[in-house]
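Visitor: Below you'll find the structure I mean.
The values are calculated or read from the model by the stated rules, or taken from the named source; none is laboratory data. These numbers were taken from a predicted model, which means no experiment stands behind them. Virtual Cβ from ideal backbone geometry, glycine too; neighbours counted across all protein chains shown. When the accessible area is computed, the model is the full protein with side chains, heavy atoms only, and any ligands, DNA or RNA have been set aside. Shrake-Rupley method; radii C 1.70, N 1.55, O 1.52, S 1.80 Å.
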Amino acid sequence: MKQEHEDLVLKACGAKSLQIGAKIQTLWSGYGEIVRVHLEGCDRASVVVKHVMFPQNQKHPGGWNTDISHQRKVRSYQVESHWYQNYTTNERCRVPACLAVRSFGDEQLIVLEDLDVAGFPVRKTYVNDAEIKACLSWIASFHALFLDVTPEGLWPIGTYWHLETRPEELEAMSDQKLKAAAAEIDSILNNCRFKTILHGDAKLANFCFSKDGLKVAAVDFQYVGGGCGMKDVIYFLGSCMDEKECEKRAPGFLDHYFSELRKSLDEKASFPELEKEWRSMFAFAWTDFHRFLLGWMPGHHKINKYSKRLTQEVLNKLKQSQSN
């Protein structure tokens with residue numbers, strides 16, 4: 001870490017000295033890294049620093065090394081910086097406190113509270129029902145907090161697979177029926193009466209758990225933006241259940257999400273109408289993500305019978321509405 005970067009961390013935390021700790025992870029496509037920094041002489045034992053470095057030569061795991069891909073990522077880090085500087089949540093949808101954000105030419109630093117120290121030290125690759133419900137409660141609280149809030153400075157439409165930002169993946173699709181319906185599905189989702197701000201990448205890997213697994217905090221707000229809440233819900237469920245589990249358990253988890261959303265909303269919205277609309281969007285949101293996967297990585301393990309069944313339901317609905 002350069003001296004000017006260290007100086008930013010020291011100043012933001014009021015620390016006397018620091019020591020660079022372990023690398024937590026490398027950012028997607030080699031765009032930098034996330035590291036833990038240990039502090040002395042202040043009231044924080046450590047912070048987490050997201051250090052973005054825009055590469056001259058992009059390395060994409062799926063081979064999508066295009067300018068469109070690069071510009072989307074650059075924009076995503078600008079959005080994340082704006083999010084941390086301008087939006088706040090509450091204890092029911094906990095996120096790390098942002099201590100500093102600064103750009104240094106082609107590099108960018110986001111200095112964040114260390115969630116391990118704050119009581120969320122556990123990361124999970126497998127979750128039980130209670131832990132899935134904890135994450136869905138977080139998502140519901142987040143959606144309730146930002147219902148009808150305009151996503152100023154964020155993506156107008158959240159999620160990293162949003163159709164408008166993925167023309168190359170659409171072009172690469174071999175499923176011609178879904179390809180032809182993609183714009184209509186996108187339009188139906190975008191024209192929901194009820195909209196909120198979406199996390200945009202609400203997968204299991206982006207949740208940090210308390211030791212008992214009953215409380216969570218979320219990280220990674222590169223694709224935060226407006227839209228129908230079902231997009232976060234389907235993406236989370238698909239990130240932690242296989243096709244058989246989805247068939248069996250998704251309805252119950254959806255009920256839990258809406259129960260938590262109702263609790264969090266108070267009198268903020270006409271809840272029965274919101275629930276009816278968003279439930280009807282579940283299959284559309286799932287199909288929208290399925291569309292992205294088919295173009296991006298046709299061999300992906302999430303392309304399964306459950307996704308194909310929901311997609312066929314949506315295509316049948318569209319066909320019926322066109323013939324009426």
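Visitor: Counting only residues that are crowded, with 20+ Cβ neighbours inside 10 Å and either among the hydroxyl-bearing types (Ser, Thr, Tyr) or out of contact with any helix residue (DSSP H, G or I) (no Cβ under 7 Å at 6 or more places or on another chain) (or both), how many does segment 239-261 have?
Guide: Total meeting the criteria: 1.
Visitor: OK, next. Please list, ordered by first then second residue, the pairs with beta carbon atoms under 6 Å, 6 or more apart or interchain, first in segment 224-247 and at negative phi and free of Cβ contacts under 8 Å to residues at least 24 places away in the same chain, second surrounded by fewer than 19 Cβ atoms within 10 Å (Cβ to Cβ) and assigned to a helix (DSSP H, G or I).
Guide: Close Cβ pairs (under 6 Å, with a partner that is surrounded by fewer than 19 Cβ atoms within 10 Å (Cβ to Cβ) and assigned to a helix (DSSP H, G or I)) do not exist here.
Visitor: Turning to a different aspect of this structure: Restricting attention to segment 295-307, report how many residues are closer than 20 Å to Gly200 by Cβ and of a type in the set (A, V, I, L, M). Lay out the reasoning, then the answer.
Guide: Applying the first criterion (closer than 20 Å to Gly200 by Cβ) to segment 295-307 yields 295-297, 300, 302, 307.
Then drop every residue that is not of a type in the set (A, V, I, L, M), which leaves 297.
Going through segment 295-307 one residue at a time, the tally reaches 1.
Visitor: Is segment 211-218 home to any residue that is open to solvent by less than 10 Å² (accessible area, probe 1.4 Å) and either more than 16 Å from the chain's Cα centre (by Cα) or modelled with pLDDT under 95 (or both)?
Guide: Within segment 211-218, one or more residues are open to solvent by less than 10 Å² (accessible area, probe 1.4 Å) and either more than 16 Å from the chain's Cα centre (by Cα) or modelled with pLDDT under 95 (or both).
Visitor: Let me ask another. Kindly indicate the residue of segment 214-259 that is among the aliphatic types (A, V, I, L, M) and part of a strand (DSSP E or B) and also nearest to Ala202 (Cα to Cα) among those meeting that condition.
Guide: Top of the filtered list is Ala218.
Visitor: Contact list please: Cβ distance under 6 Å, first residue in segment 249-263 and within 14 Å of Glu131 (Cα to Cα), second residue assigned to a helix (DSSP H, G or I) and open to solvent by 50 Å² or more (accessible area, probe 1.4 Å), pairs at least six apart or on different chains.
Guide: His256/Lys133
Visitor: Let me ask you something else. Answer yes or no: is there a residue in segment 51-73 that is within 24 Å of Pro167 (Cβ to Cβ), aliphatic (A, V, I, L, M) and in contact (Cβ under 8 Å) with a residue 12 or more places away in the chain.
Guide: Yes, segment 51-73 contains a residue that is within 24 Å of Pro167 (Cβ to Cβ), aliphatic (A, V, I, L, M) and in contact (Cβ under 8 Å) with a residue 12 or more places away in the chain.
Visitor: Out of all the residues in segment 115-135, which are in a helix (DSSP H, G or I) and either touching a strand residue (DSSP E or B) at 6+ places or on another chain (Cβ under 8 Å) or at pLDDT below 95 (or both)?
Guide: Glu131, Ala134, Cys135
Visitor: Quick check on my filter: what residues within segment 265-290 are open to solvent by less than 20 Å² (accessible area, probe 1.4 Å) and among the small types (Gly, Ala, Ser)?
Guide: Ala283, Ala285
Visitor: Tell me, yes or no, whether segment 118-140 has at least one residue that is polar (S, T, N, Q), free of Cβ contacts under 8 Å to residues at least 12 places away in the same chain and within 29 Å of Cys240 (Cβ to Cβ).
Guide: Step one: list which residues in segment 118-140 are polar (S, T, N, Q), which gives 125, 128, 137.
If we keep only those that are free of Cβ contacts under 8 Å to residues at least 12 places away in the same chain as well, we get none.
Within segment 118-140, not a single residue is polar (S, T, N, Q), free of Cβ contacts under 8 Å to residues at least 12 places away in the same chain and within 29 Å of Cys240 (Cβ to Cβ).
Visitor: How many of the residues in segment 136-179 are in contact with a Leu (Cβ under 6 Å, 6 or more places away or on another chain), small (Gly, Ala, Ser) and assigned to a loop (DSSP other than H, G, I, E, B)?
Guide: 1
Visitor: Residues of segment 194-210 being among the hydroxyl-bearing types (Ser, Thr, Tyr) and buried (at least 22 other Cβ atoms within 10 Å of the Cβ), which ones? Before you say what the answer is, go through the steps one by one.
Guide: Start the filter on segment 194-210 by keeping residues that are among the hydroxyl-bearing types (Ser, Thr, Tyr), which leaves 196, 210.
The one that is among the hydroxyl-bearing types (Ser, Thr, Tyr) and buried (at least 22 other Cβ atoms within 10 Å of the Cβ): Thr196.
Visitor: So which residues in segment 291-323 are basic (Lys, Arg) and open to solvent by less than 20 Å² (accessible area, probe 1.4 Å), if there are any at all?
Guide: Arg291
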